[in-house]
Each structure stands twice: as C-alpha cells, then as structure tokens.
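> There's a structure below that I have some questions on.
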C-alpha cells in the first residue's frame, strides 16, 4: 500500500505567493515570497510540495525557469510544478532543474497528446494531472480556470483517456470550496475514487487539520491544501504551519 501523504500547495502569481478563493483572482491576497515559504517548510520536514503558477498560462507568460531553479535549490523535499507548461522541452527543463514532477492542467483541453509525449520523455511517474471540478445539480463538471467556465465534455471519459495514456497521479481540486475553509466535500472524494485507479490527491475546502484524516481515510492517497497550512482561519493572519511528526502519523493512519 502506498504511504498516505500530506502536501502543502503554494499558489503563485508571477513569482508572488498568493491565496485565492474559488479560483477568483479578483479576491487574491498577497502572502509573501515563495522562497521564504519553502525555507519554513524545510523546517517542518514536509512530505512534498506543489507549486502552481495559476496565471502563467492565462497571461501567456513564459515560465520563469531561473526562479524555479532558485526554488529547487532551497527545497529539501520533492517538488512538483505546474503553470505554463506547453511542450516536452518545458517539462524536461523543469525536471532537470530539480523538480520531481510536472503538473498539467489547462493544456489538456486542447492538446491531450502532450501527456503521451511527456510520458515518453520523463516517464509517467513524473506526470501529475490537475483536474478542477465544480458541481451543478449534483453532477460534476470540469472547470477551465483560464476562461472561468464549465467545460462541456464527458468528465468520466476524459479521465479514462488520461489513465489509458499513463500518468502518475491526479490532483482533484473542488473549485466550489477551494480556499474558503468551508469544509471538504466527501462526496467528491468518493465519486472520483471510483473512477481513478492511480493515486488521487484531494484539494479544496479543508477547514482545519481534522479534515485531513477524513480525506486520508478514504481511497484518496494524499491530502493537499493551499490554505490551512498558511492561515488558521479565513482572512486571518498568515501563519505557515504543518502537522508535527506525531500528528502526521495519526492523521495518516488508515481505518
């Protein structure tokens, strides 16, 4: 059985660490310097960390590889990066800089072949797929964070195609709750756990650390958050944190 993981996520905008709710950039909050955050997480001995530049593709910016190299040099734990990856050369460069995995999201909706191309180059184990999900009338839909709209595609078939190509894992973000600290959606975890036979990482809405165990006691293999490890309450003070070793063992203990 794969070891359960607890993963902080740093959401960045043009090299700035920010916090947003429900993917709404109009209510973004500046948190600080991502490199300083990494140094703090080194002290906490985190399992791994995901960095997502949520405006790189939207703004059609080039990836700042020099900055990513600076980040990789600071981290004492495995790193994943997503944002603005448009081709295999981007993916290879990120891995060569020192990141363990790439994260692919919006490009999948117009070039799903990039997954197979990257698989041939860097291996399936280095590919994480990020899926953003919303619910309408008890049905789940993929959400395009760049165009801020629901995608009219069969979500089950889309996932099936990705798994057939070969990927390492999937991050599932529940957009309706993300960044709100309003509570996780266990129905989302349950529904997608049945569709996904690769490691599933859930992200979205956790109100406190007690909800980590709710996620990890499902079929989900990992819990991810960009909020509860940065602030103790919504709109509260900035306090980077992570479970102690003992608490982490308790939270990761499966039922």
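> If you take the residues in the range 166-192 that are touching a helix residue (DSSP H, G or I) at 6+ places or on another chain (Cβ under 8 Å) and not in a helix (DSSP H, G or I), which one is nearest to residue 143 (Cα to Cα)?
That would be 174.
> Here's another thing I want to ask about it. Would you check if residue 91 is over 30 Å from residue 164 (Cα atoms), in a helix (DSSP H, G or I) and touching a strand residue (DSSP E or B) at 6+ places or on another chain (Cβ under 9 Å)?
no
> Considering only residues that are free of Cβ contacts under 8 Å to residues at least 40 places away in the same chain and out of contact with any helix residue (DSSP H, G or I) (no Cβ under 8 Å at 6 or more places or on another chain), look in the range 30-45 and name the one that is nearest to residue 247 (Cα to Cα). Reasoning before the result, please.
Taking the range 30-45 and keeping what is free of Cβ contacts under 8 Å to residues at least 40 places away in the same chain, we get 30, 33-36, 38-39, 42-43.
Now narrow it down to the ones that are out of contact with any helix residue (DSSP H, G or I) (no Cβ under 8 Å at 6 or more places or on another chain): 30, 33, 36, 43.
Working: 30: 29, 33: 27, 36: 24, 43: 16 Å.
Here the residue is 43.
> Still on this structure, please answer the following. Could you run through the range 190-245 and say how many residues are closer than 12 Å to residue 170 by Cβ and under 17 Å from the mean Cα position of the chain (by Cα)?
The total comes to 13.
> Here is a further query. Is it true that some residue in the range 73-88 is on the phi < 0 side of the Ramachandran plot, out of contact with any helix residue (DSSP H, G or I) (no Cβ under 8 Å at 6 or more places or on another chain) and buried (at least 18 other Cβ atoms within 10 Å of the Cβ)?
Scanning the range 73-88, I find at least one residue that is on the phi < 0 side of the Ramachandran plot, out of contact with any helix residue (DSSP H, G or I) (no Cβ under 8 Å at 6 or more places or on another chain) and buried (at least 18 other Cβ atoms within 10 Å of the Cβ), so the answer is yes.
> Here is a follow-up. Of all residues in the range 193-209, which are in a loop (DSSP other than H, G, I, E, B) and within 22 Å of residue 249 (Cβ to Cβ)?
Scanning the range 193-209 gives 199, 206, 207, 208, 209.
Only the coordinates and a few stated rules stand behind these numbers; no lab work does. Predicted, not measured: the structure shown is a model, and the values here were computed from it. Backbone-built Cβ (ideal geometry, glycine too); neighbour counts: all protein chains shown.
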